[in-house]
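Okay, structure first, notes after.
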Amino acid sequence: MKCTACGAEIADKALICYRCGRSTFEPPRRPAADGRRRRSLLPSILALVVLVVAGLLMGQAAVGETPRLVGYVLLALVAIVLVWRFARRPESRGPK
């Protein structure tokens, strides 16, 4: 049998060509490309910090000691995290 890449004569039972190293058969399926991106831990850590601060502030708000500005800053942080999270979400692909 001849190699389809380089034309060298190889054994019928050979899995690869001894000259060029190419496979003598096509796999039934090609491995899918790893499309997963490595996610950053920054949004998760930021969300955890926001939740901890919110919990602490809720404890103070029950007593009536929380300044109004702190609540607004916390709300702004939550809004920024949510907007950033949804902006980085990959676009959904239609049916194939």
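The values are calculated or read from the model by the stated rules, or taken from the named source; none is laboratory data. As the structure is a computational prediction, the values presented were derived from the model and not from experiment. Heads up, the Cβs are rebuilt from the backbone with ideal geometry, glycines too, and the neighbour counts pull from every protein chain shown.
Considering only the stretch 35-56, state which residues are at pLDDT below 75 and not charged (D, E, K, R).
Answer for the stretch 35-56, where residues must be at pLDDT below 75 and not charged (D, E, K, R): G35, S40, P43.
Within the stretch 19-34, is there a residue that is closer than 30 Å to V83 by Cα, among the aliphatic types (A, V, I, L, M) and modelled with pLDDT under 75?
The answer is yes, given that some residue of the stretch 19-34 is closer than 30 Å to V83 by Cα, among the aliphatic types (A, V, I, L, M) and modelled with pLDDT under 75.
I want to confirm something. Restricting to the stretch 75-96 and keeping residues that are at pLDDT below 75 and loosely packed, with under 10 Cβ neighbours inside 10 Å, which single residue is nearest to S44 (Cα to Cα)?
Out of the qualifying residues, it is R89.
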